[in-house]
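Worksheet for the structure shown next.
The values are calculated or read from the model by the stated rules, or taken from the named source; none is laboratory data. Worth saying up front: this structure is predicted, and the values here are computed from it rather than measured. Positions of Cβ are generated from backbone atoms using ideal geometry, with glycine treated the same way; all protein chains shown enter the neighbour counts.
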């Protein structure tokens, strides 16, 4: 007499959770989702600008959307070190103007 075993159907698994890219703020060193931070980029020609699309070519650095992080990153040259660039006074002023609309804390 032969024994027959029934195979159970393949167990269905829940779909894998989508991986959320993480980045670190160059000022406060807090890790957060990439979309929650603002990207600053040093373009190949050397200009330092805010990358609102997050896709511009060049070396990038991320900052929290808090004015205190922006002020510290600019004042203490953390942003310049991270981008490996010298940030001109005009570029610093443009970054400060961008940060004016953010929450102070």
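Things to note:
- All conditions but one from (1) in contact (Cβ under 8 Å) with a residue 12 or more places away in the chain; (2) closer than 20 Å to residue 92 by Cβ; (3) part of a loop (DSSP other than H, G, I, E, B) apply to residue 41; the one that does not is (3).
- Residue match in the range 74-83 (condition: under 9 Å from the mean Cα position of the chain (by Cα) and either farther than 23 Å from residue 103 by Cβ or not in a helix (DSSP H, G or I) (or both)): no
- Close pairs (6 angstrom Cβ cut-off, 6 or more residues apart or separate chains): exposed (fewer than 10 other Cβ atoms within 10 Å of the Cβ) in the range 9-36, at pLDDT 90 or above anywhere: 21/34
- Residues of the range 44-69 that are closer than 15 Å to residue 87 by Cβ, assigned to a loop (DSSP other than H, G, I, E, B) and free of Cβ contacts under 8 Å to residues at least 24 places away in the same chain: 45, 58.
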